[in-house]
Amino acid sequence: MNSFLGCYCGSSANSTIDEEIYSVTLNGSTNAYACGVTAPGPGSIAYRYSNFMTLAPLTTVQQGQNVAFQVEENECDAGTYYSFGTGIWIDWNQNGLFTDAGEAVFIEAATAVGPRNVVGSITVPIDAVPGNTAMRVTVAEGVSGAGLTPCLQYGYGETEDHLITVAVPSP
């Protein structure tokens, strides 16, 4: 039986131009890759999908903790800027899906023109399963609200998958 980390649906842009994720910061830890550099994980396609799950976890969060995030969006092609929406999903129960209740941890209700930093906070559920789990971040041109789904195939933007570690807080 394969690990749940290899079971996630695909998500990526169809085009290599426009909206790129420059960096993802969670709980003060940042992952940033230069434009055009392909992520090290299987299935990665520069400018469209970046799989960072072969790297060490981005950060450790604790059950019940409220953590800040920032997604920095810009365009590597220095072209015209367009409106996009951002979505973040975390597989709190480690079942290989991002579609369970509470796993859509941030969904922009409306699109806005970039470049911009999307900021907010996420509360880790008290019953989140401890250990390494997956976090997916998507910026998609022209898509927001209910249109942003974790398995989205879209025209322009980028999806990134990261590992994070969920820990049990000290008493």
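The values are calculated or read from the model by the stated rules, or taken from the named source; none is laboratory data. Not measured: the values here are computed from a predicted model. FYI the Cβ positions are ideal-geometry reconstructions off the backbone, even for glycines, and counts take in every protein chain you see.
Odds and ends about this structure:
- Condition broken by P171, with the remaining ones in (1) surrounded by fewer than 19 Cβ atoms within 10 Å (Cβ to Cβ); (2) at pLDDT 95 or above satisfied: (2)
- Just one of the numbered conditions (1) closer than 22 Å to S15 by Cα; (2) more than 13 Å from the chain's Cα centre (by Cα) is not true of S170: (1).
- Any chance S50 is under 14 Å from T159 (Cα atoms) and either under 13 Å from the mean Cα position of the chain (by Cα) or outside any loop (DSSP other than H, G, I, E, B) (or both): yes
Yes or no, residue by residue, for (1) small (G, A, S); (2) surrounded by 13 or more Cβ atoms within 10 Å (Cβ to Cβ); (3) free of Cβ contacts under 8 Å to residues at least 12 places away in the same chain:
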{"position": "C9", "(1), (2), (3)": "no, yes, no"}
{"position": "S12", "(1), (2), (3)": "yes, yes, no"}
{"position": "T25", "(1), (2), (3)": "no, yes, no"}
{"position": "A46", "(1), (2), (3)": "yes, yes, no"}
{"position": "Q62", "(1), (2), (3)": "no, yes, no"}
{"position": "G79", "(1), (2), (3)": "yes, no, no"}
{"position": "F84", "(1), (2), (3)": "no, yes, no"}
{"position": "I88", "(1), (2), (3)": "no, yes, no"}
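- G79 being part of a strand (DSSP E or B) and in contact with an Asp or Glu (Cβ under 8 Å, 6 or more places away or on another chain): no
- Residues (under 13 Å from T111 (Cβ atoms) and touching a Pro at 6+ places or on another chain (Cβ under 8 Å)) located in segment 132-149: T138
- Candidates R116, R136 - the one that is basic (K, R), touching a Ser or Thr at 6+ places or on another chain (Cβ under 9 Å) and at pLDDT 95 or above: R136
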